[in-house]
Amino acid sequence: MLKTAFKLLVLSAACSLAGLAAFLFYNRNRSLPFITAAQNALKWENKASFRTEKTPAAPEVGLQTSAAPAGPLQPCPDVPPNLQGVLRVEFSTNRSLEDVRQRLGPVLQEGGRYKPPTCVAKQKVAIIIPFRNRHEHLKHWLHFLHPILIRQQLDYGVYIINQEGDSVFNRAKLMNIGHVEALKEYDYDCFVFSDVDLIPLDDRNLYRCSDNPRHLSVAVDKFNFILPYATIFGGVSAISKEQFLKVNGFSNTFWGWGGEDDDLSQRLYFQGMSISRPDSLIGRYKMIKHGRDLHNNPNPQNVHKLKETAYNMNTDGLNSLSYTVREIKKDLLYTFITVDVQAPAG
Ligand code: UD2
Ligand code: MN
């Protein structure tokens, strides 16, 4: 079974390469009326090979530097025009946030907010990142994601929800808090919940919501670029405000590592929704390598809790959420909200 799949893969790769070569040969002396996705990808890879950290913002980000047209803005196109396709992602150690601030300063607003200047964005998207002690990862995330989200022409804001203290971590509760806090600021209609260590390898993977909840991190290098199981909803996922409210958000009671994403996946299923995904070539991700954090060990109780999703979902979630905000800090690149999640003692 696997062998056949591999042969087919080799055959289809050879066909696509031959097709692309023929196409490029045919068009070598013409100015092309359109650019194919494959060309886009090649172009980006070529460009990336000589690109340095100091490349100015405009060409790299694909920023719309032209002034906004007079009169009411038109809706942004369905397919953002400046996407680059396949991206080169590496985690260089001498990266600094000051660099990112300098490059993006002219286009971002305080709090990690952006709106396309020349058209009305399709959606208002809050990106929520659960966080504690991962500043190195956050630096890379901001470096790569802001330019991508800008090219995707989103009206977006970045919210880092930082768990205070060293009690047991609760990723799902931080997501719920992010949802509530973001809505206090702006009328977001879509929420992208993302781990801080996941960087997309293709900017055609749009950070926006669709008719069904959408799982974006389909093919992660850590899992050999294969979807580990059909119902997975962890990593990076996009869910509209309505879809999230319908399932009462995440559970607040998954303490420690594991299970909280599967619980949400089951909530979606029980409410009759299915999970949509980009294809596995576009949904590729790199996860920054890391060990297990302190105070986030796998929790065996979480496995049992997954049998009770249907009973608990109506009483454990957004409608039972309780926490205290300790501090809200606005940086140019993000809104950093430190919270007390009221962890159980011990
Ligand atoms: C998997 C899932 C993740 C989540 C987790 C179980 C994928 C690709 N990832 O990731 O979505 O379901 O299992 O909980 O399916 N974090 C901190 N500080 C900490 C601990 C966690 O910032 O001390 C945040 C951070 O954003 C991190 C995320 O929580 O990326 C998930 O934790 P992880 O990276 O340790 O979990 P991992 O990679 O096993
Ligand atoms: Mn991780």
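Just so you know, all these numbers are worked out from the coordinates, no wet-lab data involved. Keep in mind that what you see is a predicted model, and the values were worked out from it rather than measured. Reconstructed Cβ throughout: ideal geometry from the backbone, glycine too, with neighbour counts over all protein chains shown.
Tabulated values for the structure
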read-out	value
Charge dipole (debye, nearest 20) of region 233-300; +1 at Cβ of Lys and Arg, -1 at Cβ of Asp and Glu	220 debye
Region 227-333: Lys pairs at Cα distance under 29 angstrom, eight or more positions apart or on different chains	12
Signed unit charges on C-beta, dipole axis of region 264-337, positive-most listed residue PRO300, LEU333, HIS290	HIS290
Rounded if a/c under 1.5, otherwise prolate or oblate - region 91-203, Cα gyration tensor axes	oblate
For peptides 79-87, 171-179, sequence by mean Cβ density within 10 Å, most packed first	171-179, 79-87
Most to least packed among 102-113, 224-235 [average Cβ atoms within 10 Å]	102-113, 224-235
Residues ASP99 and ALA70, FRET efficiency given R0 of 45 Å [Cβ-Cβ distance, rounded to 0.05]	0.80
Ranked packing of 324-330, 211-217, most packed first, by mean Cβ within 10 Å	211-217, 324-330
